[in-house]
Structures are given as C-alpha cells and as structure tokens.
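**Student:** Below is a structure I'd like to ask you about.
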Amino acid sequence: MNKSIDGFLSEDSFGSIERALGNAMYGFNHANVKPVIEKDVDNIEKVFFVRPQLNMSASNLRNDREMTNLITTTSNSLQSYIRHTLDPRLLYNNSKNENKKTPDFMDNQNPFIPLLSNTLRTMSGFPDRTLPTFTSKSGVRGEQYTAPDGVFDFHGVVEIDCVFDKLKGDPVERLISVWTRVMGLQVEGIMVPYMKEDIMRTRNYDTRIYRINLDGTGTFVTSIAASGIAFPIVDNIGKQFDYERDKQRDRGNTTNFRFRAIDVMYNDPILIKEFNETSAQFNRDIRNMLNGKDHSLFKLPREIKNKYNNIGYPIIDDSTMELEWWISKDSSTYKKIKASLSPNELEWYDDE
C-alpha cells in the first residue's frame, strides 16, 4: 500500500500531484476538480544585443566635427568604450595613431553589448503571428466559407521599443546617439564603412536582438526569439535639454530608444546555431570548441556560476538546451576557481 501523500491523493478524485500534468494531457477531468498543475511563473528572461561593425577609426571620425569628440588616447574612458563596442575591428587597425588597447571594463571577444542587456528594463514590439484567412461573401441565406490563406510567419518591418536604466554619465544614451548618427553620416557619404563592406555593399550598422526565456533555475532555454537585422532610429537626446525655470528638472530613472527590425523568428532551431556562431565569430576558442578542436575554455559549473557574475561567453547546448557560460583558462577568474576546487573536482568539471 502506498502510504505517501501522493499515493493517498491518487485514490481520491483530487488526483496525484506528481502525475497532474500527465493526467491533464491524457484524459478528461470528468470529476470537475481543479488539477494541481504547477504554474509557469518561474521564468528568467535574457536579452542579447549583437555588436554592429561600424568604422570608428580616427581618420573616419575626423570627417565629422561632432564625432571628433570620441578620439582619445585614454583607454579607460567612455569614448574608447563606445568606439570599440561599435567597431570590434578597431583593435586590429593598422594605423599608428590608433589606441590599440580596449578599456579594462570591456571584453572585445564578447559579441554582445552587456551594457544594453544589463540596463534593459522593458522591451516591447515583438509581434504576434497571425494566420491570414480567406472568407467568402455571404450567400443568400448568410452562409459563408473561411479557410487559411497565407503565410503564418512574420516577415515584415517592426519597431521594438526599449526602456533602459539611466546611469551616471549617460553611457547608454551616448552609445545609441553615436550609433544612430554614424548611420546618418554614412548615408550622406561623410563617414564610410571599411573598404570590404563598401565594396561588397554590406550593411555594417545592424544589430540582432536575441530574446531568450529560461526555466526557473536560469539554466535551460525554454523558448527563443530573435529579430532579423535591426538598428536604432531614435537617440532620445531632446529630453536632455528640456527646461523649467521654477523647478529643478527631473531627468527620470529611465531612457527610451526605438529599434527598427526586419523579420522576427520564434523558436526556430536555427536560432540556437546562429546564437552560438555569433560568439564563435568573435572568439577563436569558442569556434574551436564548437568544431571539436582543442581550446582553452572552462565551463562555469552551475553550482558556482552565480558567484562569478558579469563574466563568461554564452553558448546554448543544442542537445540539452542548457545556457552555458564559458570562461578562458587564462583569466584571473579561472585561477580563483582552480584554487577553490580540489584536483578531482576540477578534472570532473573539465570533463563535464
């Protein structure tokens, strides 16, 4: 005889707690009792913005008076952060006049923009998919016919509104403002892309917005969506210059920006591959790891990953759907982890 609480309830119309979801899927609830099914409330949400590929070299910036404010030899500055974030190749520029050192608070091998992900408060605009239908005209007795009549997937243009936390020094506003202005200057021909993009007519100003839902543990991907190509269209600078004589202006705690995107994809398995390949394009070790070659990366164990926040490269395991975080074995973080674990523990985690 099953003496457990679940076993006891299984003999009653209330039903088994452990098998509640399976029972709801299998057969009808003819006893009309409310099933004890766990609600989908423990959901952790992530948003990733891919870095664009603008030409932020000093020679290009000098073509516009406002852009010259970004030219500096100081590595640990907001100007340097903006330039290297928007131009991943700036580090490898051949010019002797360029500062080849990225800020200490930036990882050039990260394909995403952590500043936008970490300060994002709300995002809206991802469209619902609607199935087009055909409906006939009414007959003599009002009868009609209706049927599916079109593509279910969304392939149009959509605007995505983002609200970010306002930080000291306005780094988000300045990043988006520069990004948007450079696009306009390229249209005018005042600033130009790198020669390869110019010859190939490649868009160098786009981002891609990945939207990922995780389970309550923050470990496994439950759903994923992504825009196609997207770019900011509003820099929100006007509000900074509002004025009221008799009252100190409240600048607020947030700032709003709008992105225009082409196409939106939902839960397509190829998004997992493309998400991982984005990291691989910026990080040779990740590329080697995904191709089964030797690499110098270490997967942060689930048990301690929250202890080492703000570090690591995200990869989605397509077989388990786990959102993994990998760090370099040359990093100071790995040395701390290595010192805190026994050789057997470290070997076990390395082989995981």
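**Student:** Neighbour counts of other C-beta atoms within 10 Å: give me 173, 274 arranged from fewest to most.
**Tutor:** Values: 173 19, 274 15.
Taking fewest neighbouring Cβ atoms as first place, the list is 274, 173.
**Student:** Mind putting a number on the dipole of the chain about its Cα centre? Charges go on the C-beta only, +1 for Lys and Arg and -1 for Asp and Glu, and I need it in Debye to the nearest 20.
**Tutor:** On the way: 45 positive and 50 negative charges, 278 e Å.
Taking the Cα centre of the chain as origin, the dipole is about 1340 debye.
**Student:** Tell me the label only: which of [x] 21.2; [y] 22.6; [z] 24.3 is Kirkwood radius over Cα pairs in Å as calculated from this structure?
**Tutor:** Computed from the coordinates, Kirkwood radius over Cα pairs in Å corresponds to [z].
**Student:** Mind listing the phi-derived Karplus ³J(HN,Hα) values for the range 199-204, rounded to whole Hz, using 6.51, -1.76 and 1.60 with θ = phi - 60°, and x for any glycine or proline?
**Tutor:** Result, ordered by residue: 5, 7, 6, 8, 6, 10 Hz.
**Student:** Using the 10 angstrom Cβ neighbour count as an exposure proxy, how do 155, 295, 84 rank, fewest first? Walk me through the intermediate numbers first.
**Tutor:** Numbers: 155 10, 295 18, 84 21.
Placing the least packed residue first, the sequence is 155, 295, 84.
**Student:** Go through 152, 167, 221 and say which Cα lies farthest out towards the positive end of the charge dipole of the chain; charges sit on Cβ, +1 for Lys and Arg, -1 for Asp and Glu.
**Tutor:** In the chain, that residue is 167.
**Student:** How large is ³J(HN,Hα) for each residue in the range 130-140, as worked out from phi by the Karplus curve 6.51 cos²θ - 1.76 cosθ + 1.60 (θ = phi - 60°), to whole Hz, x for Gly and Pro?
**Tutor:** 10, 7, x, 10, 10, 10, 6, 5, 5, x, 5
**Student:** A further question on this structure: 7 Å from Cα along Cα→Cβ at both residue 251 and residue 220: what's the point-to-point distance in nm?
**Tutor:** Simple spin-label model gives 4.5 nm for this pair.
**Student:** Which ordering of 259, 28 is given by a fewest-first count of other beta-carbon atoms within 10 Å?
**Tutor:** Working: 259 22, 28 8.
Placing the least packed residue first, the sequence is 28, 259.
**Student:** Hey, another quick one. Treating only the Cα positions of the range 283-352 as identical point scatterers, give the base-10 log of I(q)/I(0) from the Debye formula at each q in 0.21 Å⁻¹.
**Tutor:** One equal scatterer on each Cα of the range 283-352 leads to -0.97.
**Student:** Tell me the angle of helix 270-282 to the major Cα principal axis of the chain, expressed in degrees between 0 and 90 and rounded to the nearest ten.
**Tutor:** 30 degrees
Any read-out appearing in this document is the output of simple, stated calculations on the displayed coordinates, not a laboratory observation. Quantities reported herein were computed from a predicted structural model and do not represent experimental measurements. Ideal geometry is used to build each Cβ from the backbone, glycine not excepted, and the neighbour counts take in all protein chains shown.
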